[in-house]
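Working notes, structure below.
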Amino acid sequence: MHSSMKAMPVKRPFFTPLTIVLTILVVNGLFFGAVRFIQGIGAVANLNNQYPWGIWIGIDVAAGVALAAGGFTTAALAYIFHKDEFHDIVRPALLTAMLGYTFVAIGVVFDLGRYYYIYHPLYMWNGNSVLFEVGICVMAYVSVLYIEFMPIVTERFIGRINFKGFLARFNKILDSVLRFLDRIIEKALFFFIILGVVLSCLHQSSLGTLMMIAGTKIHPLWQSPIAPLMYLLSAISVGFPMVIMESLISSRSFGMKPEMHVLSKLSRFVGPLLGIYLGFKLGDMAIRETFVYLNEITLESVMWVVEIVIGIIVPLRMFLYEKVQRSPFWLFIASNLVIFGVLLNRFNNFIIAYTPLYADKPYWPSFGEISVTLGVIALEILLYRLIVMIFPVISQPLKGTAASMKIRLKGVIR
């Protein structure tokens, strides 16, 4: 961690004009979510026997899993490859991943017709099912993420538990429990970090396997025997841009100086990773000769071109510029293009490319489905803001340092 920086709770007002808008989206999403659970999935969603999944799976789950990859990629970089200069951004990346995977699980609950059976994979094992492997890995990784977040909780509350009145008798007991947990997790943390990276690689690739076994239901531009590998490569490619985007937005929102000394170094990894991903995409197309589908202007061909050009090629070129690496604005634009590309890839795979055998009409998400999705995203953002105000997640300049004085002066000028 940078010598003049330390992870501390952010002291800022929770409610702003933007958080008020996000709160409205959450309330709207909760309303349609309640209707879904009270009256059934058909009362809210346009899903049916031909289209058993929609944006709740394509965006909330598949895209959510990919965009939460910053947790395991950053942890691997800082702890497994011993790149100590990136420790400042591990905690925010971990929190983003923890919230992302939590809401992925919530998205699955919304999409399951019999949501009350979601616990069945825990004891009804089916080793031949790709979804079983995805479900078990995601449940295990969510548990690992919460264990990895535990040292942040203990750091926040050790020596600070001060209940009054009747509850005061529990102060020493709770403090002893927290200290015990802190010692245990500190010794086992490296094991959980490695376990988290392994589990992430497993279920990221297994989502590609799900598309691969769909066969002719998936358009040839996306249906590939190496789909598991490309899903994993795309998740690894978007991990660092997600961390960069989240860091820049947090800095802007909380009135802090962007950690460009870390983000610029992190951005240097993105270009080569995108290059590897693009190479496999184009190589797979050349070997399978699926480029013939680009000769006709169809929805599938247009969406594929947009995904490749805007989501991979353009940001790839941008991340190779030193000017982009040093500029918060251009780094933010380039990172968002990568995020858009991976988000569009999952949307294309699960929505655009998917054509059931006996479809009577095309699928289009209902207003209720869109409301629930926007509500889930808004709630995740609000929880992130709340948690960083309570726990030491974001690194900030220590009082009395030059960086701290510069931020104070900046606030006075504003």
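Output the number of residues of segment 123-157 satisfying the condition of being under 25 Å from E186 (Cβ atoms) and either touching a residue at least 60 places away in the same chain (Cβ under 8 Å) or not in a helix (DSSP H, G or I) (or both).
Applying the first criterion (under 25 Å from E186 (Cβ atoms)) to segment 123-157 yields 139-157.
If we keep only those that are either touching a residue at least 60 places away in the same chain (Cβ under 8 Å) or not in a helix (DSSP H, G or I) (or both) as well, we get 141, 145, 148, 152-153, 155-156.
Residues meeting the conditions: 7.
Of everything listed in (1) out of contact with any Lys or Arg (no Cβ under 9 Å at 6 or more places or on another chain); (2) modelled with pLDDT under 90; (3) not in a loop (DSSP other than H, G, I, E, B), the single unmet condition for A7 is (1). In the set (1) in contact with an Asp or Glu (Cβ under 7 Å, 6 or more places away or on another chain); (2) farther than 15 Å from F350 by Cα; (3) in a loop (DSSP other than H, G, I, E, B), the condition left unmet by W53 is number (2).
Of the candidates I218, I193, I184, the single residue that is farther than 30 Å from L357 by Cα and surrounded by 14 or more Cβ atoms within 10 Å (Cβ to Cβ) is I193.
Sort through A78, A45, A68 and tell me the only one that's crowded, with 18+ Cβ neighbours inside 10 Å, aliphatic (A, V, I, L, M), in contact with a helix residue (DSSP H, G or I) (Cβ under 6 Å, 6 or more places away or on another chain) and farther than 26 Å from F190 by Cβ.
Values: A78 fails: farther than 26 Å from F190 by Cβ; A68 fails: farther than 26 Å from F190 by Cβ.
Just one listed residue meets the conditions, A45.
Within segment 106-132, track down each residue that is crowded, with 18+ Cβ neighbours inside 10 Å and small (G, A, S). Correct list: G107 only. Exactly one residue out of G40, G71 is of a type in the set (G, A, S) and at negative phi, and it is G71.
Residues in segment 158-178 that are surrounded by 13 or more Cβ atoms within 10 Å (Cβ to Cβ) and part of a helix (DSSP H, G or I): N171, L174, D175, V177, L178. Against the test of being crowded, with 17+ Cβ neighbours inside 10 Å, in contact with an Asp or Glu (Cβ under 9 Å, 6 or more places away or on another chain) and either polar (S, T, N, Q) or assigned to a helix (DSSP H, G or I) (or both), the options H203, H261 yield a single qualifying residue, H203. Scanning segment 210-226 for residues that are under 15 Å from A63 (Cα atoms) and out of contact with any strand residue (DSSP E or B) (no Cβ under 8 Å at 6 or more places or on another chain) returns a single hit, L210. Here is the figure for segment 343-375: residues that are in contact (Cβ under 8 Å) with a residue 12 or more places away in the chain and part of a loop (DSSP other than H, G, I, E, B) total 11.
The values are calculated or read from the model by the stated rules, or taken from the named source; none is laboratory data. None of the values given here were measured: they were computed from a predicted structure. Counting neighbours? That spans all protein chains shown, and the Cβs are built from the backbone with ideal geometry, glycine included.
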